[in-house]
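Take a look at the structure below.
The values are calculated or read from the model by the stated rules, or taken from the named source; none is laboratory data. Fair warning: this is a prediction, and the values are worked out from it, not measured in the lab. Using ideal geometry, Cβ is built from the backbone for each residue, glycine included, and neighbour counts are taken over all protein chains shown.
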Amino acid sequence: MKNIVFQKKLSIKSSFGGMEITIIFLYLFIIIFVIFPLFTYIYEKMYFSIIENEIRNTLEVSLTSLYKEYNIKNLSKGNLKIKNDKDELEQYIKLNLNLKDDMSSKENSILFGDINIVDIEYGLKNVNIVLDIRIEPFIYRKVLMKMIDKSELVVRINVKVDMPINN
C-alpha cells in the first residue's frame, strides 16, 4: 500500500467562505482607526501634561524672582503692588521659557507656538495666572483639525502661586 501524503497549501481562507479580504480590511481598519489613534491620544496627553508642568514650574520661578525684586518690608506688610508689572513678569517668562520678544517660541523652546497671559488675579496671599498656550497637535489630531480649518491647539493653564507674605 502506498502512503499518500497530502500537502496543505497556506492560504488565508476563512470559515465564512470567500470573505478573506473583508477580514483583512476589518483588521486594518481596527489597527489604523482605533488602536493607533488611541495610542497617539494617550501619548499626546502625557506630552501635554509634561509641558504644562514645565510651564507651571517656570511661572512659579518667574513669580518668585519678581517677588525678590520688591522691598521685603512691603511684602511682609502685605503691600504688594505688582498689578502694573505684567511686563516684568513677561520678561521673566521670556527668559525662563526661551521665548522671543513677541512671546513666540525659539528653536530650543519647549513650546511650538506663542504664549498669551490672559489674566492675573491677585489675592491676599496668592497670585492666580491664566495663560493661553498654542501647541501644535500630533498627526491624527492635526488631520482632524485640518478638516475644520484649524491648525493649532490652544490650551488654557491656570497657575496659582502662594506669595511669601508674613513669613
Exercise. Of the residues that make up the stretch 110-126, is at least one more than 20 Å from residue 63 (Cα to Cα), surrounded by 16 or more Cβ atoms within 10 Å (Cβ to Cβ), in contact (Cβ under 8 Å) with a residue 24 or more places away in the chain and in contact with a strand residue (DSSP E or B) (Cβ under 9 Å, 6 or more places away or on another chain)?
Worked result: yes
Problem set entry | Boolean, residue 129 is touching a strand residue (DSSP E or B) at 6+ places or on another chain (Cβ under 9 Å), part of a strand (DSSP E or B), under 19 Å from residue 162 (Cα atoms) and in contact (Cβ under 8 Å) with a residue 40 or more places away in the chain | yes
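Does the stretch 133-151 contain any residue that is within 17 Å of residue 92 (Cα to Cα), charged (D, E, K, R) and loosely packed, with under 15 Cβ neighbours inside 10 Å?
Our first condition is that a residue be within 17 Å of residue 92 (Cα to Cα); within the stretch 133-151, this holds for 133.
Restricting the remaining residues to those that are charged (D, E, K, R) gives none.
Within the stretch 133-151, not a single residue is within 17 Å of residue 92 (Cα to Cα), charged (D, E, K, R) and loosely packed, with under 15 Cβ neighbours inside 10 Å.
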Exercise. Looking at the stretch 1-88, what helices (runs of 4 or more DSSP H) fall wholly within it and have at least 1 residues that are at pLDDT 85 or above and under 25 Å from the mean Cα position of the chain (by Cα)?
Worked result: 36-69
For this session: For residues that are more than 20 Å from the chain's Cα centre (by Cα) and among the acidic types (Asp, Glu), scanning just the stretch 91-123, find the one that is modelled with the lowest pLDDT.
Result: 121
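Give me the residue from the stretch 146-167 that is of a type outside the set (A, V, I, L, M) and either modelled with pLDDT under 80 or in contact with a Pro (Cβ under 8 Å, 6 or more places away or on another chain) (or both) and, out of that set, farthest from residue 125 (Cα to Cα). Walk me through how you get there before you give the answer.
Step one: of the stretch 146-167, the residues of a type outside the set (A, V, I, L, M) are 146, 149-152, 156, 158, 160, 162, 164, 166-167.
Going one step further and asking which of them are either modelled with pLDDT under 80 or in contact with a Pro (Cβ under 8 Å, 6 or more places away or on another chain) (or both), we end up with 151-152, 162, 164, 166-167.
Details: 151: 39, 152: 35, 162: 6, 164: 8, 166: 9, 167: 11 Å.
Only one residue fits best here, namely 151.
Checking the condition assigned to a strand (DSSP E or B) and closer than 20 Å to residue 63 by Cβ, which residue from 161, 154 passes? Break it down stepwise before answering.
Values: 154 fails: closer than 20 Å to residue 63 by Cβ.
After applying the criteria, what remains is 161.
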